[in-house]
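Shown next, in structure tokens, is the structure this report addresses.
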Amino acid sequence: MPQTRPPLGAVASYSFPKPQRVTVGGGTVVAIDVPGQRLVSLRLVHPHGGAVEPLDAMGVNVLTSEVLEDGPDGNSSLAPALERHGAEWMSRVNWDGFITGLDAPANRVNEAVRLFADAVRRPALNPDDVVRRREQLLERFWLEAATAGTLAMRSLGGQLFTGRYATPLGGGPVRLADITPETVASFHAESIASVAGTLVVVGDLDGIDLEELGKTVFGDAASVPERESSVPAPPPGELPRILIVDRPGSVQSALVIAHRAPSRSQVDLPRAEGISEVLGGMFTSRLNMELRERLGYTYGAGSRFDLRRDSGVFFMSTQVEADTTAHSVTSSLEQVAELRESGVTEEELTAVRESNTVGLPVSYSTARSLAGALVDMVVHDLPDDHVDRNRAGYERLTKESLDSAATEYLHPEEAVVVVVGDADRLRQPLTDTGIGPVEVRDPESLWS
């Protein structure tokens, strides 16, 4: 006999687990106990992301992160050593943090963490490994930049910022090529090995001594120094404006429309991200319905905020056929103008509320996702109840609060439009839009 689906119950309000904190030497352990979760996620956070790199060593964070995978014995020795304990290494860098870590079975954490600590504090940093990793990153840069969407995003920084943000996080091909093994060793000694950081631990903590883990990982490293931040200046030039990154013969265009935004601490996150979702963050968003469903120009269009400690970026992006590029740009800007003028609908308000509250138990159902949330809190100095405050902010959203977010956070009059495509084919149609001056650049010249 066919079975009927059981009726849906009432949506339960989600509360993020309260972390415990243990100060150990110069560092802090932040942990969440999840009984029964036998895969423990451990993350070490250093506040030395790409934003604070000196301009003569751009990309040293990313290169150092890669070289750490070679382990204390060099030559890619770390992964096999961790695998003997069922553990997996991870390392990533963003503008505001240098994050290393591992996932390991709870009953093998102590052994794996000893290897982890050696890898982070006492890596081999063999010059041959550094050069090999650097050459791999350089090759990867151009392989990834062969994708038009990636090239468009990497071209964006120089249109919005001067200083470090004008060059991609990985340093760009020219700057990265100049980094020597000695530069990596110096950066590691000053910013990683000698700085304790914050250790995030999530999983079944029964039988795990957090203080001992902290001692193993931190050793005698010093506490995190105060980080100075200042808002980076914009480059000169008229706004709005258009940059064409030339790809002769391309039958498609990748386009990004972006403007500067406040830093994360200055933004009301539910309102800002809520209005971005209405515009381009959901399948039913304005951009997707216009460019994909009504005009048939693209498989998908979206928007989001990239919020950092000292500044931010808002951008819309899509890829379209070359002949529809100019109309795609003007149509996207028209969607922003209409949203600012008329505001959101009740259906859009409900969709934003539900998409950011109903699914939270699933979003934070694993040790990795909980650890990711804690890392975010550490990097951005957020309170332990940040997730709950954010959820409550989405629950309080009204049409009026989202309407005001559209005028507060969306500024098409300050936008730069980056288009990767055939300049000969695109220059005149984009000029005819009247958006602003049009410049054409060769990809090879962007980061020289």
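The values are calculated or read from the model by the stated rules, or taken from the named source; none is laboratory data. Small disclaimer: the values here were computed from a predicted structure and weren't measured. Ideal geometry is used to build each Cβ from the backbone, glycine not excepted, and the neighbour counts take in all protein chains shown.
General observations
- In the range 202-224, residue nearest to Val45 (Cα to Cα) [restricted to those that are in a loop (DSSP other than H, G, I, E, B) and not charged (D, E, K, R)]: Val224
- Among the conditions (1) of a type in the set (D, E, K, R); (2) buried (at least 16 other Cβ atoms within 10 Å of the Cβ); (3) out of contact with any strand residue (DSSP E or B) (no Cβ under 9 Å at 6 or more places or on another chain), the only one that Asp128 does not satisfy is (2).
- Only residues that are more than 20 Å from Leu160 (Cα to Cα) and without any contact (Cβ under 8 Å) to a residue 40 or more places away in the chain were counted across the range 292-322, and they come to 10.
Let's see how each residue does on (1) modelled with pLDDT of 95 or more; (2) touching a helix residue (DSSP H, G or I) at 6+ places or on another chain (Cβ under 8 Å); (3) surrounded by 19 or more Cβ atoms within 10 Å (Cβ to Cβ):
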residue	(1), (2), (3)
Asp306	yes, no, no
Val313	yes, yes, yes
Val320	yes, yes, yes
Val329	yes, yes, yes
Gly359	no, no, no
Ala373	yes, yes, yes
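- Which numbered condition Pro262 misses (of (1) touching a Gly at 6+ places or on another chain (Cβ under 6 Å); (2) under 21 Å from Val419 (Cβ atoms)): (2)
- Screening the candidates Glu83, Glu69 for the property of being more than 23 Å from Val375 (Cα to Cα), assigned by TED's automatic domain parsing to the domain that holds Thr162 and not aromatic (Phe, Trp, Tyr) yields one hit, Glu83.
- A search for C-beta distances below 6 Å between a residue of the range 276-288 that is within 15 Å of Ile257 (Cα to Cα) and any residue that is modelled with pLDDT of 95 or more and surrounded by fewer than 21 Cβ atoms within 10 Å (Cβ to Cβ), counting only pairs 6+ apart in sequence or on different chains, returns Ser276/Arg304; Ser276/Phe305; Gly280/Gly302.
- Any hit, the range 173-190, residues being of a type in the set (A, V, I, L, M, F, W, C), under 19 Å from the mean Cα position of the chain (by Cα), under 17 Å from Glu444 (Cβ atoms) and part of a helix (DSSP H, G or I): no
- Residue list for the range 235-281, filter: assigned to a strand (DSSP E or B) and of a type in the set (S, T, N, Q): Gln252, Ser253
- Answer from Arg294, Arg227 - the residue that is over 18 Å from Ser355 (Cβ atoms), of a type in the set (D, E, K, R), surrounded by fewer than 18 Cβ atoms within 10 Å (Cβ to Cβ) and not assigned by TED's automatic domain parsing to the domain that holds Thr345: Arg227
- Answer from Thr216, Thr167, Thr198, Thr147 - the residue that is touching a Gly at 6+ places or on another chain (Cβ under 7 Å) and over 18 Å from Val62 (Cα atoms): Thr198
- Yes/no for Gly158 being of a type outside the set (A, V, I, L, M, F, W, C), in contact (Cβ under 8 Å) with a residue 12 or more places away in the chain and on the phi > 0 side of the Ramachandran plot: no
- Residue check for Val378: out of contact with any helix residue (DSSP H, G or I) (no Cβ under 8 Å at 6 or more places or on another chain) and modelled with pLDDT of 95 or more: yes
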